[in-house]
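J.: Let me begin by handing over the structure; questions about it come next.
The values are calculated or read from the model by the stated rules, or taken from the named source; none is laboratory data. The structure displayed is predicted, hence computed values, not measured ones. Quick note on the areas: whole protein, heavy atoms, side chains included, nothing else; ligands and nucleic acids left out. Shrake-Rupley method; radii C 1.70, N 1.55, O 1.52, S 1.80 Å.
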Amino acid sequence: MRRLPPLRALEAFIRVARLGSSKAAAAELALSAPALSRRIKSLEDHIGKPLFERRSQSMILNEDGRLLLKTVAPALDNIADAVDQMTVSGGDMRLRLGVLPLFGATRLLPKLPALKKLYPKLHIDVDTSAHAENILGDAVDAAIIISDNIDPNLYSVKLDSNKVYAIGSVELTKGPNAINRPEDLKNHNILIHSNMTRAFDQWKEAVGLPDLEPAGIDHLDSGPLMLEAAAQGLGIAIMHGGHFSDANDPRLVRLFDHDVDSPYSYWFVCRKRDKKNRAVRIFHDWVVKAGL
């Protein structure tokens, strides 16, 4: 039998290739950066050529790397599927689900007991990493993501449509310097989600102030943190109305009545081949029926 490279080295290669970042791949594999580099180097030594173009903040597949990924990734997927089938016992099913913390806390978990009652042998492991679509087939089987653009190579179902709100502390609506008009935001800090950067531009355009320049803009990668920051008076959060109503925080208020469509929606996504996975199929059908 021909000598094969270590499976861990191939796993590291695929993870870096799909994420485009050694730092992100190391975090997903729970490895230190040097340990991940050693695994990639061992694979390149085995093959006898480099597989990536190494840049300061990223690792980009070169032509040889792309060819290897195209050939090896499906084979490792088949191995993983075979192992999953062999390890199912007593009819138990396991779903590895990627979901953002705010959606998970306010929309998924409150309804999950109903799913558990229907399928008591379905177990769900939750990963709250951002950009879970990039780790489909590796760390997660399916994901609920928020996006304005879905990879056409994925199976996807749009779960909702949203409105963009300006959300602030109730205290900002009181006193001589109270916020009364969208123009007043020029004197305040704006909070924007790192993965929803178009939301503020869309909101400004819709309220007729495309050139509005606030006092400052802070980017946060967590919906719950944005809401808490707004409640503490650290800025005006530009985010979905659903997040505001789900939070039900008496410290917060919607500042204006403008009805602004969001370019972003929540989506259920998985690889097309994984739609056949029984756990994925059961969860998908339930999510759609439950109207999450």
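J.: So what's the angle, to the nearest 10 degrees on a 0 to 90 scale, between helix 7-19 and the longest Cα principal axis of the chain?
T.: 30 degrees
J.: Right, here's the next one. Pairs to check: LYS116/LYS289; LYS158/LYS289; LYS117/LYS272; LYS41/LYS272. Give those whose C-alpha atoms are more than 21 Å from each other in this structure.
T.: From the list (LYS116/LYS289; LYS158/LYS289; LYS117/LYS272; LYS41/LYS272), the Cα-Cα distance tops 21 Å for LYS117/LYS272; LYS41/LYS272.
J.: Using only the Cα atoms of region 62-212, build the gyration tensor, take square roots of its eigenvalues as a ≥ b ≥ c, and label the shape rounded, prolate or oblate: rounded if a/c is under 1.5, else prolate if a/b is larger than b/c, else oblate.
T.: oblate
J.: So what does the Cα-only Debye profile of region 113-157 read at q = 0.15, 0.20, 0.21, 0.33 Å⁻¹, as log10 I(q)/I(0), no solvent term?
T.: With one equal scatterer per Cα and no solvent, log10 I(q)/I(0) is -0.49, -0.77, -0.82, -1.24.
J.: With the calculation restricted to Cα positions, what are the radius of gyration and Dmax of region 119-203 in angstrom?
T.: Considering region 119-203 through its Cα atoms, Rg and Dmax are 18.9, 59 Å.
J.: State in Å² the accessible area per residue of the chain; use a 1.4 Å probe, count heavy atoms of protein chains only, and round to the nearest integer.
T.: Result: 54 Å² per residue.
J.: With the Cα gyration tensor of region 171-223 giving a ≥ b ≥ c as the square roots of its eigenvalues, does the rule (a/c under 1.5 for rounded; else a/b larger than b/c for prolate; else oblate) give rounded, prolate or oblate?
T.: Since a/c reaches 1.5 but b/c is at least a/b, the shape of region 171-223 is classed as oblate.
J.: Average the reciprocal distances over every distinct pair of alpha-carbons in region 137-284, invert the result, and give the Kirkwood radius in Å.
T.: So the Kirkwood estimate lands at 16.6 Å.
J.: Please state, as a whole number in µm²/s, the translational diffusion coefficient that the Stokes-Einstein equation yields for the chain at 37 °C and 0.692 mPa s, with Rh defined as the Kirkwood radius across alpha carbon pairs.
T.: For the chosen part, D equals 153 µm²/s.
J.: Using helices alone, I'd like the mean residue ellipticity at 222 nm for the chain: each DSSP H run of four-plus residues gives -39500 (n - 2.57), total over residue count, nearest 500.
T.: -11000 deg cm²/dmol
J.: Could you tell me what percent of the DSSP beta bridges with both partners in the chain are antiparallel, to the nearest 5?
T.: Taking every DSSP beta bridge within the chain, about 55 percent pair in antiparallel fashion.
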